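One structure below.
The values are calculated or read from the model by the stated rules, or taken from the named source; none is laboratory data. A quick note: this is a predicted structure, and the numbers were derived from the prediction, not measured. In this analysis, Cβ positions are derived from the backbone assuming ideal geometry, glycine residues included, and neighbour counts consider all displayed protein chains.
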Amino acid sequence: MGRLVVVSNRLADPRKPAAGGLAVALGDTLSRTGGLWFGWSGTVAAHGTPGEGELQTRQAGRVTLASVNLCAEDHAAYYHGYANSVLWPVFHYRLDLADFSSGYLDGYRRVNRMFAHKLLPLLREDDVIWVHDYHLIPLAAELRALGCRQRIGFFLHIPVPPPLVLAALPQHEWLMRSFFAYDLVGLQSEADVAHFTRYMTVEAGAQDLGAQRLRAFNATVRVAAFPIGIDVEEFHRLGRAPDAMQTYEEMRAEYSRRQLLLGIDRLDYSKGIPHRVRAFRQLLERYPENAHSATLVMIASPSRDDVNAYADLRQELEGLCGAINGDFGDLDWMPLRYIHRTVARKRVPGLCRASRVGLVTPLRDGMNLVAKEYVVSQNPEDPGVLVLSRFAGAAEQLRDALLVNPYDTQGMAEAIQTALRMPLAERQARHQRLMACISEHDVHWWRRNFLRALEGEEQE
Ligand code: ADQ
């Protein structure tokens, strides 16, 4: 294939271990093709002009990192505004939390247009361009308007809501039309593909040509599900390294008389964290045999603190957690530990392995990688049980988890009780099947399949 050009809101040096999943997934191909990664630098310039930004490039091995600063006004409207206060809630079905202030859309368009202007001169004829996520939906349309003819693919990491929810977006026609500037649109799940296709045929008058192709506005786009995976090998390595082993030993020693339940998330209203706490409370009420034993550790990393909905969530959670410890705790047992922090990635496998139950209970989630990380971290001889929301994209693949409805507090409490009491043979059998699925569809499979589809080749 030609040179790979990745565009995402934030970029990372793929050689650095803390760079994260996307960097690990794309690093090899970027490096092999002498690729380019383009995005926002992460810096907000104190004195800048809206719609303008300074391009900086640097080398990270064979990969060129090209980034642009944003001025405060653009950052507020594009990033906090349209991306995180409009698209994020709407695509997670939360119209009640969306802030449809009019200035946001202008900023979103302005920044996408500016990115297109900065990126275009860096492009070569045989480049294959892969754009990521909701911050950059109109980027291909802006590039095409400037004459860009290269193949452009888009991957959406968040879910697609049903057509009528999308239609509540005041600018939905414009936004959804801009998907037709791509050659390929990748979504996380078949449910997302169904919603997308229905929107396009019902609201945008698109023709469904079959074979994953939709035609409208004089263009044809291919739309398919590419469920993102994790780097299973890398996670196994991480799990065998000293930091993870030490975390595991410490947790086992600290909670030797307890059964641990674990939740790890970004503190976001889509993750269903208060719902999980309510279900845990219900578990303690309905099944008193768990007293002095079941202990829920919840690690929620700070996220978008300056958006109002997040401050409200934090307050609600602190109240719920405090009440459980006050009502059920004892001198020698604190039922819930809530930690508002990011733990080092190298400790995550140890935390997961020490926990009998992994609670991944989002109200809506594109995929949810924690679910996969939890399974991969387990000891196959004595594995823990994954309790997974049916509303996470991961639920389409991980049918051997205990699937729950996070809005059903009692049902979720019963599933947690089932997980705590599950016999070893059943835990092993479920774990084996989950592992097979996660290993087969890892992040490298995801990357290969997407890039093959973008180049018009057969998928695996
Ligand atoms: P996120 O919403 O960020 O991603 P997720 O898929 O769960 O969610 O990935 C989070 C990553 O951050 C995981 O690797 C996890 O281990 C780590 N993490 C989360 N909380 C942490 C904490 N408190 N401490 C340390 N590490 C923590 C978006 C979409 C998802 C989609 C991904 C990838 O919202 O649905 O799965 O992109 O496409």
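Below are the figures for this structure:
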item: Within region 361-370, considering residues that are over 17 Å from residue 191 (Cβ atoms) and within 8 Å of the ligand (Cβ to nearest atom), the one surrounded by the fewest Cβ atoms within 10 Å (Cβ to Cβ); result: 369
item: Flag if residue 386 is crowded, with 21+ Cβ neighbours inside 10 Å, under 19 Å from residue 188 (Cα atoms) and more than 9 Å from the ligand (Cβ to nearest atom); result: no
item: Selected residue (only one of 15, 58, 3 is surrounded by fewer than 21 Cβ atoms within 10 Å (Cβ to Cβ) and without any contact (Cβ under 8 Å) to a residue 12 or more places away in the chain); result: 58
item: Subset of region 167-205 that is within 16 Å of the ligand (Cβ to nearest atom) and polar (S, T, N, Q) - its residue that is farthest from residue 137 (Cα to Cα); result: 189
item: Which listed residue, of 22, 30, is more than 16 Å from the ligand (Cβ to nearest atom) and part of a helix (DSSP H, G or I); result: 30
item: Residue in region 322-334 that is within 16 Å of the ligand (Cβ to nearest atom) and not assigned by TED's automatic domain parsing to the domain that holds residue 96 present; result: no
item: Conditions (1) touching a residue at least 60 places away in the same chain (Cβ under 8 Å); (2) within 15 Å of residue 283 (Cα to Cα); (3) within 19 Å of the chain's Cα centre (by Cα): number failed by residue 420; result: (3)
item: Residue within region 44-63 that is assigned to a loop (DSSP other than H, G, I, E, B), assigned by TED's automatic domain parsing to the domain that holds residue 183 and closer than 20 Å to residue 180 by Cα present; result: no
item: Selection from region 166-186 of residues that are closer than 24 Å to residue 270 by Cα, touching a Phe, Trp or Tyr at 6+ places or on another chain (Cβ under 7 Å) and buried (at least 19 other Cβ atoms within 10 Å of the Cβ); result: 166, 176, 185, 186
item: Residue match in region 289-308 (condition: within 16 Å of the ligand (Cβ to nearest atom) and of a type in the set (D, E, K, R)); result: yes
item: Positions within region 342-360 being buried (at least 23 other Cβ atoms within 10 Å of the Cβ), within 12 Å of the ligand (Cβ to nearest atom) and of a type in the set (A, V, I, L, M, F, W, C), in sequence order; result: 348, 351, 352, 360
item: Filter result (more than 11 Å from the ligand (Cβ to nearest atom) and either outside the structural domain of residue 378 (by TED's automatic domain parsing) or surrounded by 14 or more Cβ atoms within 10 Å (Cβ to Cβ) (or both)) within region 253-272; result: 255, 258, 259, 260, 261, 269, 272
